[in-house]
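In what follows, a single structure is set out as structure tokens and then discussed.
The values are calculated or read from the model by the stated rules, or taken from the named source; none is laboratory data. Not measured: the values here are computed from a predicted model. Virtual Cβ from ideal backbone geometry, glycine too; neighbours counted across all protein chains shown.
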Amino acid sequence: MHRDEAPLVLGLDIGGTSSRALISDLSGTVLGSGEAAGGNPNSHPADQAVQQIAEAARTALRDVDPAAVRNCVVGMAGVSKMADPQFAELFDRAWSRLGLHCPKHAISDCEVAFAAGTPEPDGTVLIAGTGAIAARIEQHRMTTIVGGHGWLLGDEGSAFWLGREAVRAALRELDRGEPLHGLTAAVRDRLLPDVPDAQRRKLISAVNAAPPIRLAELAPLVTSASDETARDIVRRAAHLLAETAAATRTGGDTSPIVLAGGLVAAGNPVGEALRAELAARGCGETRTAGPGAAGAAWLAALDLTTDPVTLHKRLLG
């Protein structure tokens, strides 16, 4: 690479369902992007995870000289796997085959999500999707984690939690001999489409026949319903998520809270209720994370740019 060639940065956002990559110059111009299937090494075999990560990067590099990439940040759910020598060796081999020889920094997806919402160095990030986790960020690095214990031990307020609460509401009505209606009828129709008069035993059996995490697929039934049962579940989810975020903060903290994940997307009632709850608590400014790969690319550029705030605006709006 010529010395006067404009430096580029590569950001990757690696999750359980998708892997995304973005290449940018230091002005914020996006020169390449790529997407592949999930590459979380804790939920996929190591070789498959590395293959998907590399595929996303390879697509982003399609029209870019790899030698021009000066730095890379990989935001990864399951980043602790990078400490496994076998996985690290697989990753390094794939990296070399891409023609990349720049430094690479593997960090938590929480750090990337925070950077995707604000250029500030300190604050809180709350990710509410299939699971739920909050983290305290100091100088762009995660210092404290609250939640993220998984469906069995926690994830209160998550999509899994919403789905489980919807099934529990249906079971309570069946226990009382009441007809299912609204949300609970929708739960019956989803789980037992051919059984109009669901019995509690059949509903319990249907849930237990599938992996527990599949309950997260019922979350849209809650967020799209308008009856009091659904509204109550949404209110409780927002309260639990706010409690998770608040546990990362001390009194009087006015640093930003970045929200990320499917439950905080525009129009989702859980996200709307959560923002209202955080505002009522005086928890500081709430922001919504942009694309994770852009946040990772911005972090990769921090040591190379003299104007990180302007670059953040251009990359993430």
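If you check SER96, SER19, SER80 for being of a type in the set (Ser, Thr, Tyr) and more than 18 Å from GLU111 (Cβ to Cβ), only one passes: SER96.
Would the range 274-292 turn up any residue that is assigned to a loop (DSSP other than H, G, I, E, B), on the phi > 0 side of the Ramachandran plot, surrounded by fewer than 21 Cβ atoms within 10 Å (Cβ to Cβ) and in contact (Cβ under 8 Å) with a residue 12 or more places away in the chain? Yes: the range 274-292 contains one or more residues that are assigned to a loop (DSSP other than H, G, I, E, B), on the phi > 0 side of the Ramachandran plot, surrounded by fewer than 21 Cβ atoms within 10 Å (Cβ to Cβ) and in contact (Cβ under 8 Å) with a residue 12 or more places away in the chain. When the range 1-26 is examined, which residues are found to be under 26 Å from LEU311 (Cβ atoms), part of a loop (DSSP other than H, G, I, E, B) and at pLDDT below 95? The answer is MET1, HIS2, ARG3, ASP4, GLU5, ALA6, PRO7, GLY15. Can you find a residue that is surrounded by fewer than 18 Cβ atoms within 10 Å (Cβ to Cβ) and either more than 21 Å from the chain's Cα centre (by Cα) or in contact (Cβ under 8 Å) with a residue 40 or more places away in the chain (or both) anywhere in the range 6-13? Within the range 6-13 (the criterion being surrounded by fewer than 18 Cβ atoms within 10 Å (Cβ to Cβ) and either more than 21 Å from the chain's Cα centre (by Cα) or in contact (Cβ under 8 Å) with a residue 40 or more places away in the chain (or both)), the answer is yes, since at least one residue qualifies. As for the range 39-52, it holds no residue that is assigned to a strand (DSSP E or B) and surrounded by fewer than 20 Cβ atoms within 10 Å (Cβ to Cβ). Checking the stated criteria, PRO45 turns out to be more than 18 Å from ALA113 (Cβ to Cβ), out of contact with any Gly (no Cβ under 9 Å at 6 or more places or on another chain) and in the same structural domain as SER96 (by TED's automatic domain parsing). For the range 81-108, the tally of residues that are assigned to a loop (DSSP other than H, G, I, E, B), touching a helix residue (DSSP H, G or I) at 6+ places or on another chain (Cβ under 7 Å) and among the hydrophobic types (A, V, I, L, M, F, W, C) stands at 2. When GLY295 is tested against the conditions (1) over 20 Å from the mean Cα position of the chain (by Cα); (2) in the same structural domain as CYS110 (by TED's automatic domain parsing), the lone failure is (1). Please find, within the range 300-316, the residue that is surrounded by the fewest Cβ atoms within 10 Å (Cβ to Cβ) out of those that are in contact with a helix residue (DSSP H, G or I) (Cβ under 9 Å, 6 or more places away or on another chain) and not in a helix (DSSP H, G or I). Only one residue tops the list, namely LEU302.
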